[in-house]
Amino acid sequence: MQVNTQYFSQIFALALKEFLALFRDKRSRLILVFPPLLQILIFGFAATYDLDNVPIAIYNQDQGQVSREFISQFEGSETFEIIEYIKKDSDIAPLIDNKDVLLVLNIEPQFSDKLQQGKSAKVQVILDGRNSNTAMTAMNYIASMNLDFNQKWSAQHGATGPKVALQVRNWYNENLQSRWFILPGILVSLILVVILLVTALSVAREREAGTFDQLLVTPMNPTQILIGKAIPGIVIGLLESTLILIIIVKLFQIPIQGDIAALYFGLFLFLLAATGIGLVISAISLTQQQAVLGAFLFIVPAVVLSGFTTPIANMPDSVQLLTYLNPLRYFLIILRGVFLEGNGFTLLFSQFWPMAIIGVVCLAFAGWLFRHRMY
Amino acid sequence: MTVNKTSARSRRLMGMLRKEMWQIIRDPSSIAIAFVMPVVLLFMFGYGVSLDAKNIPVGIAVEKADIITQSLSDSFEQSEFFKPSYYHSIQQAQLALEERKIDGIVWLRSNFSQNLQAGKQAPIEIIINGVDSNQANITMGYIQGVWQSWLTLFSNARGIQLNLPVVLEQRVWFNSALNSRLFLVPGVIAVIMTMIGSLLTAMVVAREWERGTMEALMVTPLSMKEMLAGKLIPYFILGMGSMFISVALAVWWFGVPLRGSFWVMVLASSLFMMVSLLIGLLISIISKNQFVAGQTAIAASFLPAFLLSGFLFDINSMPAFIQGITYLIPARYFVAQLQTLFLAGNVWPVILSNAFALLVMLFVLVLLVSSKSRKTLE
């Protein structure tokens with residue numbers, strides 16, 4: 001019993017020392033809190049695939065009434081902003097080349113006449129493909145506007161042919177706001193950066209200062225050192241995530257539909273895994289520079305291959321297999337599941353245990369490295 | 001006398017350069033960052049990351065199968081974008097959607113064919129998992145495509161000439177196949193250069209402060225300018241080396257066309273590299289502590305370059321005050337230059353206006369660095 005309390009008080013003392021090492025310096029205190037909060041605000045507003053106020057130009061070669069009706073859809077749209085009406089072919093290239101407009105709508109001569117005679121009329125859409133995703137999204141918007149126009153026109157002018165229309169519903173995110181999809185990813189990335197740097201530098205700093213050897217000859221065993229070093233990362237991660245979650249719910253107004261307990265259980269496992277990875281990097285590194293670079297070599301691929309901005313399903317199979325080693329992958333599914341799909345523990349079970357395994361394996365490996373990497 | 005002065009200065013600079021070179025060579029982690037990181041990242045973006053959806057798993061719920069529903073299923077089967085699976089009831093299909101086995105449902109009710117043949121309204125109901133809204137939009141676009149071609153086929157088979165009123169003709173310049181790799185690879189080069197530039201130099205002055213070797217450097221006749229030059233030059237060489245590797249991989253491995261001039265790209269990259277290195281140096285000088293320097297460098301480089309540069313997300317669509325912030329991100333200018341140089345060619349208005357912005361940044365950074373770095377102890 002006596003031994004037991006001593007065991008935990010030693011861990012507590014080390015954890016306390018770690019907190020002091022982090023918070024003693026004013027700049028370190030600030031850097032832990034402010035950049036993540038500032039970033040969630042900026043990136044939260046910035047990161048969206050939805051188009052808004054996209055500059056376009058219109059080249060109307062038709063003189064009739066119908067083409068003006070067609071154009072009026074674009075004048076009323078919030079997605080597009082007509083910044084120029086051009087008069088000749090040679091005006092198209094400079095506008096697109098210089099990135100003044102994303103696209104030019106080229107309405108053919110006799111557009112109105114053809115439509116009124118019941119024939120098909122053509123509109124050419126010339127897009128800047130330098131960002132092909134933006135180009136494609138814009139094209140999709142135009143296609144659905146055109147669909148509306150065609151349906152209205154056919155209804156007014158006596159349509160022939162089968163009356164098959166598409167009725168679309170989007171589940172979980174009815175208005176298809178990409179912010180709902182991306183914000184959880186920003187949360188995960190920001191937390192990962194903070195936790196990984198806190199833990200990756202914790203051992204490397206002591207090695208550089210030469211105090212790690214002293215720690216190893218104290219009565220504490222490696223398991224105690226490991227737990228003491230892991231606690232600050234997990235505590236800071238929990239507090240910081242809570243702050244960011246509040247911002248997401250209150251400011252960005254994304255509702256939490258599912259079980260918050262499941263979200264926090266996932267968060268804890270994610271922090272465990274991230275801390276484990278950070279401590280492995282730290283135990284391998286001899287200097288703080290190596291630790292920072294090492295953390296970075298992990299952070300960048302982990303963020304890119306998490307499904308944060310681009311879907312995992314679009315990756316080749318071999319890369320998809322690799323993502324199973326990435327704790328971000330699981331935590332992102334949990335976050336989106338709880339936020340948007342209203343999931344609880346049962347549907348998310350398959351996401352919990354892989355993170356637990358990654359965490360335990362990494363922590364054990366870090367503990368082993370403490371003893372076995374000595375110079 | 002003046003000859004002596006310059007030779008002494010160049011000797012001091014050479015000494016400083018040699019010291020930094022040795023530090024880089026002895027600790028291979030920065031070389032690893034400069035040469036391994038671009039390769040890893042380019043391969044990840046070139047092969048791993050893609051916004052082009054293929055084989056989207058879609059469930060077709062047919063409540064009463066017949067020739068008409070079969071012809072619609074066939075249209076989905078023939079499309080390269082879909083991998084259909086079939087359900088006999090909407091409940092089964094919805095369960096599969098909840099379990100994330102399929103991304104969307106095409107629902108044909110039992111009276112679909114009957115209504116269609118009777119000339120009544122026969123809607124096709126579509127349910128899409130909207131969590132990934134970008135993907136949902138793309139999926140919807142493809143479904144519309146399948147639907148229209150089926151409609152035309154179906155009408156023609158019955159001798160009805162189906163004239164769509166307005167037909168859109170899509171012409172995508174610079175990337176006609178809409179291959180997302182062609183814009184992701186140049187974009188990721190800008191992200192790599194930002195990170196390499198800021199991260200490599202962010203630690204170098206902070207390290208000297210933390211280890212106490214800054215005092216040792218201060219008592220030498222080395223001027224502050226010489227010391228900073230000695231710190232910048234080796235990393236500039238390293239950074240440009242990784243730039244060449246990245247461009248070579250982009251062109252020869254990933255087949256991204258280089259339509260602009262190579263030398264314009266070298267000039268633009270050098271300018272951007274200088275800006276990145278100076279940002280790292282500024283962080284390093286202000287932080288004086290490797291933990292703070294590391295956190296700041298990552299906060300200031302990776303995510304802003306990734307999210308605010310226009311590499312993935314369209315800047316015009318951001319709220320106005322965020323657009324204002326993007327003007328402070330150097331990667332914004334470099335992304336525009338790289339995407340233009342790779343895909344469009346030497347479009348001088350784009351290249352020069354962005355180069356001018358980077359020059360202004362460079363000038364401000366030089367002023368900031370020289371005002372912050374004095375040979376004084378606190």
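How much space per residue, in cubic angstrom, does the convex hull of the C-alpha atoms of the range A:54-156 take up?
Spread over its residues, the Cα hull of the range A:54-156 gives 91 Å³ apiece.
With each pseudo-label sitting 7 Å past Cα toward Cβ, what's the B:S10-A:E75 distance in nm, one decimal?
6.9 nm
Just give the residues from the range A:13-46 buried by at least 50 square angstrom of accessible area in the all-chains context relative to the isolated chain, probe 1.4 Å, and say none if nothing qualifies.
Relative to the lone chain, where solvent access is computed with a 1.4 Å probe, the range A:13-46 loses at least 50 Å² at A:R27, A:I31, A:I42, A:F43, A:F45, A:A46.
Return one quarter of the surface area of the convex hull spanned by the alpha-carbon atoms of the range A:9-84, equal to its mean projected area, in nm².
8.9 nm²
For B:D74 and B:Q121, what is the calculated FRET efficiency with R₀ set at 22 Å and r taken between the beta-carbons, to the nearest 0.05?
That pair, B:D74 with B:Q121, gives E of 0.40.
Could you pull out every residue, at least 5 positions away or on a different chain, whose amide H is within less than 5 Å of the one on B:Q170? Hs are placed 1.01 Å off N in the peptide plane, and Pro or chain starts have none.
A:V125
Need one number: convex hull volume per residue for the range A:116-220, Cα atoms only, in Å³.
In the range A:116-220, the Cα hull volume divided by residue count equals 170 Å³.
Placing one identical point scatterer on every Cα of chain B and ignoring solvent, what is log10 I(q)/I(0) from the Debye formula at q = 0.11 Å⁻¹?
For the requested q values the scattering log ratios are -0.87.
Among B:A136, B:L328, B:L365, pick out the residue whose Cα is farthest towards the positive end of the charge dipole of the protein assembly as shown, where Lys and Arg carry +1 and Asp and Glu carry -1 on C-beta, about the Cα centre.
Among B:A136, B:L328, B:L365, the one farthest towards the positive end of the dipole of the protein assembly as shown is B:L365.
Report Rg(Cα)/(2.2 N^0.38 Å) for the range B:56-157, keeping two decimals.
Taking N as the residue count of the range B:56-157, the ratio is 1.03.
Please work out how much accessible surface A:Y85 shows to a 1.4 Å probe, ignoring ligands, DNA and RNA, in Å² rounded to 10.
Roll a 1.4 Å probe over it and A:Y85 shows about 110 Å².
For B:E77, A:E78, A:E208, give me the order by solvent-accessible area with a 1.4 Å probe, most accessible first, ignoring ligands, DNA and RNA.
Putting B:E77, A:E78, A:E208 in descending order of accessible area: A:E78, B:E77, A:E208.
Normalised by the empirical 2.2 N^0.38 Å for globular proteins, what value does the Cα Rg of the protein assembly as shown take?
Ratio of Cα Rg to 2.2 N^0.38 Å: 1.07.
To the nearest 0.05, what FRET efficiency results for B:K54 and B:N156 with a Förster distance of 41 Å applied to their C-beta separation?
The calculated FRET efficiency here is 0.90.
State in Å² the accessible area per residue of chain B; use a 1.4 Å probe, count heavy atoms of protein chains only, and round to the nearest integer.
42 Å²
Taking the Cα atoms only, what angle lies between the long axis of helix B:133-157 and the longest principal axis of chain B, rounded to 10 degrees?
Orientation of helix B:133-157: about 30 degrees from the principal axis.
Can you name the helices of chain A, as whole DSSP H runs, whose Cα span along the helix axis is 27 Å or more and whose Kyte-Doolittle mean is not below 0.5?
A:2-23, A:26-46, A:178-209, A:222-250, A:260-284, A:345-372
Which value, in Å², gives the accessible area per residue of chain A when a 1.4 Å probe is used on the protein heavy atoms?
So chain A comes to 41 Å² accessible per residue, rounded to a whole number.
If all Cα-Cα distances of the range A:211-252 are sorted into 5 Å bins from 0 onward, what percent lands in each bin, rounded to whole numbers?
5, 19, 17, 13, 11, 9, 8, 7, 6, 3, 0
At B:L352 and B:K225, where each label point lies 7 Å from the Cα along Cα→Cβ, what is the point-to-point distance in nanometres?
If labels sit at B:L352 and B:K225, their model points lie 3.1 nm apart.
Just grab the label-to-label distance for A:Q116 and A:Y85, each label 7 Å out from Cα along the Cβ direction, in nm (one decimal).
Distance between the two pseudo-spin positions: 1.9 nm.
Defining a contact as two alpha carbons under 8 Å apart and six or more residues distant in sequence, what relative contact order in percent does chain A show?
Computed value for chain A: 18 percent relative contact order.
Over the protein assembly as shown, what percent of the accessible surface lies on carbon and sulfur atoms, probe 1.4 Å?
Summing carbon and sulfur atoms, their accessible area is 62 percent of the total for the protein assembly as shown.
Could you run the numbers on buried accessible area between B and A, total for both chains, 1.4 angstrom probe, in Å² to the nearest 100?
Its buried surface, counting both partners, is about 10400 Å².
Going by average Cβ neighbours within 10 Å, how do the peptides B:107-118, A:334-345, B:209-220 rank, with the highest at the top?
Packing proxy ranking, top to bottom: A:334-345, B:107-118, B:209-220.
Greater than 30 Å separation of Cα atoms is the criterion. Which listed pairs, A:K229/B:K288; A:K114/B:K83; A:K99/A:K119; A:K87/A:K119; A:K114/B:K64; A:K26/B:K19, meet it?
In this structure, A:K114/B:K83; A:K99/A:K119; A:K114/B:K64; A:K26/B:K19 lie more than 30 Å apart at Cα.
For helix B:29-43, what angle does its Cα long axis make with the longest principal axis of chain B, in degrees from 0 to 90 and rounded to 10?
Around 20 degrees separate the two axes.
Would you mind checking which residues have amide H under 5 Å from A:Q110's amide H? H placed 1.01 Å from N; only 5 or more apart, or other chain.
When sequence neighbours closer than 5 places are left aside, the close amide H contacts are A:Q63.
Whose amide H sits under 5 Å from the amide H of A:E81, counting only residues 5 or more places off or on another chain, with H placed in the peptide plane?
Under 5 Å from the amide H of A:E81: A:V54, A:I56.
Nearest 10 degrees, 0 to 90: what angle lies between the long axis of helix B:330-339 and the longest principal axis of chain B (Cα atoms)?
With rounding to tens, the tilt is 60 degrees.
Per-residue HN-Hα couplings for the range A:81-87, Karplus 6.51 cos²θ - 1.76 cosθ + 1.60 at θ = phi - 60°, whole Hz, x for Gly and Pro?
Result, rounded to whole Hz: 10, 6, 9, 7, 9, 9, 10.
Once the mean 1/r over all distinct Cα pairs of chain A is inverted, what Kirkwood radius in angstroms do you read off?
24.6 Å
Subtract the Cα-Cα distance of B:N179 and B:K83 from 0.36 nm times their separation in residues, and report this length gain in nm to one decimal.
32.5 nm
For B:N111 and A:Q65, what does the FRET efficiency come to when R0 = 30 Å and r is the distance between their Cβ atoms, rounded to the nearest 0.05?
Efficiency for this residue pair is about 0.15.
The values are calculated or read from the model by the stated rules, or taken from the named source; none is laboratory data. This structure is a prediction, so every number in the text was calculated from the model and none was measured. Quick reminder, even Gly has a Cβ in these numbers, built from the backbone with ideal geometry, and neighbours come from all protein chains shown. Surface accessibility is based on the protein's heavy atoms, side chains included, excluding ligands, DNA and RNA. Shrake-Rupley method; radii C 1.70, N 1.55, O 1.52, S 1.80 Å.
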